[in-house]
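To start, the structure under review is shown below, and the notes come after it.
The values are calculated or read from the model by the stated rules, or taken from the named source; none is laboratory data. Just so it is clear, the model here is predicted, and its values are computed rather than measured. Heads up, the Cβs are rebuilt from the backbone with ideal geometry, glycines too, and the neighbour counts pull from every protein chain shown.
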Ligand code: EPU
């Protein structure tokens, strides 16, 4: 079993370069299957989720070649085959294949998607959108069969601005016949990135980045080149770390606007942070003030940084709280933070954090991706040694953690035990 071994409490200085956005890449890669041709994506993060998508592409007879930060996808020989559980369960975003195969072949058979266990994660809004386009959805025990004689543009109103349902609605709408309007759509930057790439492929889309997206379906889409935006959650994770043990720590290759909800809070609690066009510099600071945070859809405070920032709140002087409004089971990091010395209570969907408490290294488990990020930060600021188990979750979403952190002075290694 592979674990992360960390000796904490080292000052971090130098520069961390942020990789391409996981949640963009996992939508853009399936999107390439909508048309024939060659697609070159740059700034692709080298993480386990991308490995899983690559396997699915190869299974569908799509030609894939990967260099360090790019992927070239040739779709001319694609075959539509049922996607088995071994592939679909590897990540949540596997359900984007449902949309692209339905859109392209009018038939898809796929087992249930996977992803972190952070809540119920229903897909009713996606299925509602597929039906609005004219598809029939057959749910069997462990799989979905979705088929359509024809797909026609539709008015789709989402009950909540779901990222996944917005992506799936767009992926079908771009080649469905006629006009589609998606209301209460997600406004996350990754949606905008997807729409920009689809436009290069020939799609007609307006309104992305707002809650109403208008699409006019086109007959076919073609190959393109696209640079994936940088990962706002990876940027946020390392910025939080810098607020705790950074000394002129540079977080490079970021889009500051995408992490504004975080940097506003960091300024409010007294962090020393200087934001430039595509990087920021952060220094740790004593006497951080407590704060109350609520997660929300973009541009609100992202749920994906809720667990990482909880570690920071343990170091603020006084009582802080963080309310989780997106996922109902995203506090599995808390017992481990408490084991390390934090004083956190969970009250329904809120964490009440009593700071400031000293953290001490021990053995912990990364129960999900962002719980792993939270514990990684905790380990790096702790006295002594921490072992993090189940690191496969962390490696699903963070590229080259060990190299990036070692470069700025951390003592961290992956060990086989
Ligand atoms: N929801 C429904 N029905 C649906 C879809 C969603 O009730 O059909 C609910 C969910 O249960 C949740 C809320 O709507 O309460 C938002 O879910 P959303 O669909 O937006 O989430 P997602 O698309 O499954 C993406 C990211 C998550 C991130 C959320 C929220 C990807 C691959 N995943 O998930 O990222 O937390 O949006 O921003 O883009 C992560 O990276 O660690 C991660 C979990």
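General observations
- Of everything in the range 156-167 that is surrounded by fewer than 22 Cβ atoms within 10 Å (Cβ to Cβ) and part of a loop (DSSP other than H, G, I, E, B), the residue that is nearest to the ligand (Cβ to nearest atom) is 160.
- Number of positions in the range 239-252 that are in contact (Cβ under 8 Å) with a residue 60 or more places away in the chain and in contact with a helix residue (DSSP H, G or I) (Cβ under 8 Å, 6 or more places away or on another chain): 7
- Given (1) farther than 30 Å from residue 208 by Cα; (2) crowded, with 16+ Cβ neighbours inside 10 Å, index of the condition residue 358 fails: (2)
- Residue 124 being over 25 Å from residue 25 (Cβ atoms) and within 15 Å of the ligand (Cβ to nearest atom): yes
- Test: residue in the range 83-104 that is surrounded by fewer than 21 Cβ atoms within 10 Å (Cβ to Cβ), assigned to a loop (DSSP other than H, G, I, E, B) and within 11 Å of the ligand (Cβ to nearest atom): no
- Of the residues making up the range 18-77, those that are assigned to a strand (DSSP E or B) and out of contact with any helix residue (DSSP H, G or I) (no Cβ under 8 Å at 6 or more places or on another chain) are 20, 38, 40, 42, 63, 65, 70, 72, 74.
- Yes/no for residue 147 being touching a strand residue (DSSP E or B) at 6+ places or on another chain (Cβ under 8 Å) and away from the ligand (no atom under 13 Å from the Cβ): yes
- Subset of the range 395-417 (residues that are within 21 Å of residue 68 (Cα to Cα) and at pLDDT below 95): 395, 396, 397
- The residue pairs whose first member lies in the range 141-154 and is more than 19 Å from residue 123 (Cα to Cα), whose second member is in a strand (DSSP E or B), and whose beta carbons are closer than 8 Å, counting only pairs six or more residues apart or on different chains, are 150/177; 151/177; 152/177; 153/177; 153/179; 153/180; 153/215; 153/216.
- Top-ranked residue of the range 105-115 - restricted to ones that are under 18 Å from residue 53 (Cβ atoms) and in a loop (DSSP other than H, G, I, E, B), ranked as farthest from the chain's Cα centre (by Cα): 112
- Any chance residue 184 is at pLDDT 95 or above, away from the ligand (no atom under 13 Å from the Cβ) and surrounded by fewer than 20 Cβ atoms within 10 Å (Cβ to Cβ): no
- Checked against (1) at pLDDT 95 or above; (2) within 14 Å of the ligand (Cβ to nearest atom), residue 117 passes all but a single condition, namely (1).
- Qualifying positions in the range 267-313 - under 19 Å from residue 380 (Cα atoms) and in a helix (DSSP H, G or I): 305, 306, 307, 308, 309, 310, 311, 312, 313
- Matching option when the condition is within 16 Å of the ligand (Cβ to nearest atom) and free of Cβ contacts under 8 Å to residues at least 24 places away in the same chain, among 348, 323, 328: 348
- Residue satisfying all of: in the range 194-233; more than 16 Å from residue 100 (Cα to Cα) and assigned to a loop (DSSP other than H, G, I, E, B); nearest to the ligand (Cβ to nearest atom) among these: 231
- Candidates 170, 191, 118, 146, filtered to the one that is surrounded by 15 or more Cβ atoms within 10 Å (Cβ to Cβ), outside any strand (DSSP E or B) and either touching a helix residue (DSSP H, G or I) at 6+ places or on another chain (Cβ under 6 Å) or not assigned by TED's automatic domain parsing to the domain that holds residue 103 (or both): 191
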